[in-house]
Amino acid sequence: MARAVEVPFKPLWTKRILKETYRIQTGSLDWEPRRAMSFRASLSDQYPTNRVSGYERYLPLCRNGEPGGHVLACALAARADKIVTHSLRNFRAERLAPWAGRVLHPDDYLLELYLLFPECVLRILRAHEVATEELLSTLAPHAPEFAKAVLADETHIDGTLH
């Protein structure tokens, strides 16, 4: 996970969110436990001050219940303006009060970042040890529109991926 200062990206999490993420990664996403732990370590290393505490006091305000209540409480505690999740069904508009932010699928969020900051996103993708095309192939099942947009733009620029 490469970090670019130019892109306004501030991942936030709680201990509970990280546990849930690990469970999903090693469960339905079929990640190896070592890979999931590496992901968690990367977040902690690259964003050491982004863990949110004190979110529990917002739990009574969150009407979306489990499993998304603690995520919404984290967003409230951190004053986040977005929640990025595959579980959109847990965040229906009528259940999001008192929060005024947006809930986005990861594909929509990545595509939005790419449209706003294309050079920065490409620089991040190219900074990985694997080829950009291979990385996008890995992302495509989870972020198909993002992968398609980057592939189309990259091959259009000079006929190859960098």
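Each reported figure results from applying straightforward, stated rules to the coordinates on display, with no laboratory input. Computed from a predicted model, the values in this text were never measured in an experiment. With ideal geometry, Cβ positions are generated from the backbone for all residues, glycine too; neighbour counts draw on all protein chains shown.
Please list 3J(HN,Hα) in residue order for segment 27-43, calculated via the Karplus relation 6.51 cos²θ - 1.76 cosθ + 1.60 where θ = phi - 60°; whole Hz, with x for glycine and proline.
Those phi angles translate into x, 5, 8, 6, 6, 5, x, 4, 5, 5, 5, 5, 4, 4, 5, 4, 4 Hz.
Rounded to the nearest 0.05, what FRET efficiency is calculated for ALA131 and GLU94 with R0 set to 30 Å and r the Cβ-Cβ distance?
Step by step, r from the Cβ atoms, then E = 0.10.
Which lysines, on any chain, are close to LYS148 with Cα under 26 Å apart, when same-chain ones fewer than 8 places away are left out?
Straight-distance partners of LYS148: LYS10, LYS82.
For a test of the definition: using alpha carbon positions, the gyration tensor, and the 1.5 limit on a/c, classify segment 101-148 as rounded, prolate or oblate.
Because a/c hits 1.5 or more and a/b fails to exceed b/c, segment 101-148 counts as oblate.
Which order results if LEU125, LEU115 are arranged by neighbouring Cβ count within 10 Å, fewest first?
Ordered from fewest to most neighbouring Cβ atoms within 10 Å, LEU125, LEU115 come out as LEU115, LEU125.
With the cut-off at 1.5 for a/c, could you classify segment 56-122 from its C-alpha gyration tensor as rounded, prolate or oblate?
In terms of gyration-tensor shape, prolate.
Show that you can apply the helix-only estimate: for the chain, add -39,500 (n - 2.57) for every DSSP H stretch of four or more residues, divide by all residues, and state [θ] at 222 nm to the nearest 500.
Helices in the chain give a 222 nm mean residue ellipticity of -15000 deg cm²/dmol.
Express the C-alpha Rg of the chain as a ratio against the empirical globular expectation 2.2 N^0.38 Å, rounded to two decimals.
Relative to the rule-of-thumb radius for its length, the chain sits at 1.10.
For segment 13-145, calculate the relative contact order in percent as a whole number, restricting contacts to Cα pairs under 8 Å that are 6 or more residues apart.
For segment 13-145, the relative contact order is 17 percent.
Sticking with the crude label model, points 7 Å out along Cα→Cβ, report the distance from SER53 to LYS19 in nm, one decimal please.
The answer from the label model is 1.6 nm.
Applying a 10 Å radius around every beta-carbon, put 137-143, 80-86 in order of their mean neighbour count, most first.
Listed from highest to lowest mean packing, they are 80-86, 137-143.
Calculated FRET efficiency, GLN46 and GLU145, Cβ-Cβ r, R0 35 Å, to nearest 0.05?
It comes to 0.85.
Taking the Cα centre of the chain as the origin and placing charges on Cβ (Lys, Arg +1; Asp, Glu -1), which of TYR114, HIS128, ALA80 is farthest toward the positive end of the dipole?
Farthest towards the positive pole: ALA80.
Can you tell me which of GLU112, GLU145, GLU134 moves the most in a GNM of the chain? Springs connect C-alpha atoms under 10 Å apart.
GLU134
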